[in-house]
Amino acid sequence: MPTRRPIAALAVLLVFLTSCTAQQSQTVGPPLPDTNAAEVVALLEASSQPVVINVWASWCIPCRSEAPLIERANEQFGDDIRFIGINVADTQSGARQFIAEFGLSFENLFDAPRTVPAALGGSGVPVTFFFAPGGSLVHYQPGVIDERTLALQIDELLKRHEDS
């Protein structure tokens with residue numbers, strides 16, 4: 001009779017591991033569209049509204065802390081400012097799980113080779129760029145953006161847009 005306990009425990013463990021693996025392998029949402037530096041620069045130059053680009057990766061701990069902040073800004077100012085996330089040096093699965101976890105509703109693009117940040121004048125993750133309509137850089141924020149900085153830069157973008 002003592003041999004049944006280890007067998008039962010092993011069966012429970014196998015069921016648990018199988019369900020965890022199945023959950024991890026499930027993808028959430030459609031694949032992010034691939035992008036590159038030339039496409040993003042063209043998008044910025046053609047934009048008639050201000051653009052905030054947040055560069056992130058699912059494995060980046062600071063990116064996780066700022067994602068809810070960027071989402072709230074998009075919810076509040078998304079009609080006047082275009083918010084775009086650029087996922088870099090990551091996997092499609094990791095990116096989609098991150099978007100689902102934080103409920104990101106703004107546009108996100110996939111730049112696995114990490115060409116976009118360098119073309120815009122930055123590196124690393126997270127990094128946030130603020131562009132006026134037409135693509136001129138207004139502010140570059142390396143590292144985690146805080147609520148105050150985000151609010152000030154959004155105000156600056158809106159002011160410039162109203163003045164133009």
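Checking the condition closer than 28 Å to His161 by Cβ and either buried (at least 17 other Cβ atoms within 10 Å of the Cβ) or of a type in the set (A, V, I, L, M) (or both), which residue from Ala67, Ala112, Ala89 passes? Write out each step before concluding.
Numbers: Ala112 fails: closer than 28 Å to His161 by Cβ; Ala89 fails: closer than 28 Å to His161 by Cβ.
One residue alone meets the criteria, Ala67.
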Restricted to the stretch 141-154 and to residues being in contact with a strand residue (DSSP E or B) (Cβ under 6 Å, 6 or more places away or on another chain) and within 16 Å of Ala118 (Cα to Cα), the residue surrounded by the fewest Cβ atoms within 10 Å (Cβ to Cβ) is Pro142
Taking only the stretch 58-87 into account, find how many residues are assigned to a helix (DSSP H, G or I) and free of Cβ contacts under 8 Å to residues at least 60 places away in the same chain. 9
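When the stretch 115-135 is examined, which residues are found to be part of a helix (DSSP H, G or I) and crowded, with 16+ Cβ neighbours inside 10 Å? Step through it out loud before you land on a result.
Kept after step one, since they are part of a helix (DSSP H, G or I), are these residues of the stretch 115-135: 115-120.
Within the stretch 115-135, Thr115, Val116, Pro117, Leu120 meet the criteria.
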Considering every residue within the stretch 99-106, establish whether at least one is in contact with a helix residue (DSSP H, G or I) (Cβ under 8 Å, 6 or more places away or on another chain), touching a residue at least 24 places away in the same chain (Cβ under 8 Å), at positive phi and not in a helix (DSSP H, G or I). yes
Checked the stretch 28-64 for anything among the hydrophobic types (A, V, I, L, M, F, W, C), loosely packed, with under 13 Cβ neighbours inside 10 Å and over 12 Å from Gly94 (Cβ atoms); matches are Ala38, Ala42, Ala46, Ile61
List the pairs whose first member sits in the stretch 135-151 and is over 13 Å from Gly122 (Cα atoms) and of a type outside the set (D, E, K, R), whose second member is part of a strand (DSSP E or B) and at pLDDT 95 or above, and whose Cβ atoms are under 8 Å apart, counting only residues at least 6 apart or on separate chains? Gly135/Val51; Val138/Phe130; Val138/Phe131; Ile145/Asn54; Ile145/Thr128; Thr149/Gln141; Leu150/Thr128
Any chance Ala73 is within 22 Å of Arg160 (Cα to Cα), exposed (fewer than 15 other Cβ atoms within 10 Å of the Cβ), modelled with pLDDT of 95 or more and aliphatic (A, V, I, L, M): no
With the condition kept exactly as written, say whether any residue in the stretch 122-131 is more than 18 Å from Glu45 (Cβ to Cβ), under 18 Å from the mean Cα position of the chain (by Cα), aromatic (Phe, Trp, Tyr) and modelled with pLDDT of 95 or more. no
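The values are calculated or read from the model by the stated rules, or taken from the named source; none is laboratory data. Computed from a predicted model, the values in this text were never measured in an experiment. As a convention, Cβ positions derive from the backbone with ideal geometry for all residues, glycine included, and neighbour counts pool all protein chains shown.
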